[in-house]
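Pasting in a structure now, in structure tokens, and then I'll have a few things to ask.
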Amino acid sequence: MMGKDSQLRVRAFMIPNLAATEIKVKVVTSQSKTLTKTLQGTFKPRQIHFVKLPRIATDNLKLDYSIWLSQMDENIYISELSLPGSALSFNYVLSDEYMKTQTLNLTEQFNAGARVFQCHVHLVDQKSVIDGGDTSVGIAASDGSSAAKSDGTFYTLGDVLNALQREMSGTHRDEFCVLTISDWIDGVNEQKVTDLYSRLNVVLKKAGEMGLVATGITPNTTIGDIKGKVIVKVQLNGGYTSA
């Protein structure tokens, strides 16, 4: 553990490159803070260069869980990350305590460090708030019922995506998050699942066109590639593959 006035001595052996005029030195702390200093000058082959970096302030180096992803090097692959999350993340909107499996609101979950959010969905007879369809992909409560608003309408996947996008466009604009969707349909049958998947496809396609979700995710996708975006992971019901 480095304390006040301690020094870090580094000896680096580099392949000669006469074109090099700038070298960046990065220090990543145990709390995932990344500090960068730039060295400029003429670096000659077969010569020892002694460089003293500017003093690094050790105050406030503790990791801020509310923005922990933005404190990491944006060149890190997202496939290298282990992301904390919450289950039934949006059930805090429910009024009945016995149905609540989450009491922290979305902002509070972000501030606690969660970056993966999960919800069950099914169809509700309500015009979609995201693409104008006659039915919506609704949010299912813990018992499989629809999550209702005080005005009698239902919370939808569009509400969830818009809420996540608001978080991503503010304090967390240099981060990303993941939304995991799985189906939970009361009285499930093949036709209901087919209808849900069809509608889900429409909603997610529209959300992609609106720039709400990240696309083209690969093992080489970095944090910087998808800043301010939502990755949507759909877990389909394996019992109804024909749907």
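The values are calculated or read from the model by the stated rules, or taken from the named source; none is laboratory data. Keep in mind the model is a prediction, meaning the values are calculated, not measured. For neighbour counting, all protein chains shown are included, and Cβ atoms are generated from backbone atoms with ideal geometry for every residue, glycine included. Calculation scope for accessible area: heavy atoms of the full protein, side chains included, ligands and nucleic acids excluded. Shrake-Rupley method; radii C 1.70, N 1.55, O 1.52, S 1.80 Å.
Go through (1) under 30 Å from ILE223 (Cα atoms); (2) at pLDDT 85 or above one by one and return the number of the condition ILE130 breaks.
Condition not satisfied by ILE130: (2).
Those residues that are open to solvent by 20 Å² or more (accessible area, probe 1.4 Å) and either within 9 Å of THR180 (Cα to Cα) or of a type in the set (D, E, K, R) (or both), I need them from segment 117-131; list them, please.
GLN118, HIS120, ASP125, LYS127, ASP131
Looking at segment 78-90, I want the residues that are over 20 Å from ALA148 (Cβ atoms) and have a partner that is of a type outside the set (S, T, N, Q) and open to solvent by 70 Å² or more (accessible area, probe 1.4 Å) with Cβ atoms under 6 Å, at least 6 apart or on another chain. Which pairs are those?
SER79/PRO219
VAL234 - would you say it is open to solvent by 30 Å² or more (accessible area, probe 1.4 Å) and touching a residue at least 12 places away in the same chain (Cβ under 8 Å)?
Here the answer is yes, as VAL234 does meet what is asked.
In this structure, is PHE154 under 26 Å from SER169 (Cβ atoms), open to solvent by less than 30 Å² (accessible area, probe 1.4 Å) and not basic (Lys, Arg)?
No: the conditions fail for PHE154.
Of all residues in segment 177-228, how many are among the charged types (D, E, K, R), under 27 Å from ARG166 (Cβ atoms) and either open to solvent by 70 Å² or more (accessible area, probe 1.4 Å) or in a loop (DSSP other than H, G, I, E, B) (or both)?
Qualifying residue count, segment 177-228: 5.
Okay, moving on. From (1) among the polar types (S, T, N, Q); (2) touching a strand residue (DSSP E or B) at 6+ places or on another chain (Cβ under 6 Å); (3) more than 19 Å from VAL203 (Cβ to Cβ), pick out the condition that doesn't hold for SER82.
Condition not satisfied by SER82: (2).
Residue-by-condition table, conditions (1) among the aliphatic types (A, V, I, L, M); (2) closer than 21 Å to VAL213 by Cα; (3) modelled with pLDDT under 90:
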residue: ARG115; (1), (2), (3): no, yes, no
residue: VAL121; (1), (2), (3): yes, yes, no
residue: ASP134; (1), (2), (3): no, no, yes
residue: VAL137; (1), (2), (3): yes, yes, no
residue: SER142; (1), (2), (3): no, no, yes
residue: ALA147; (1), (2), (3): yes, no, yes
residue: SER150; (1), (2), (3): no, no, yes
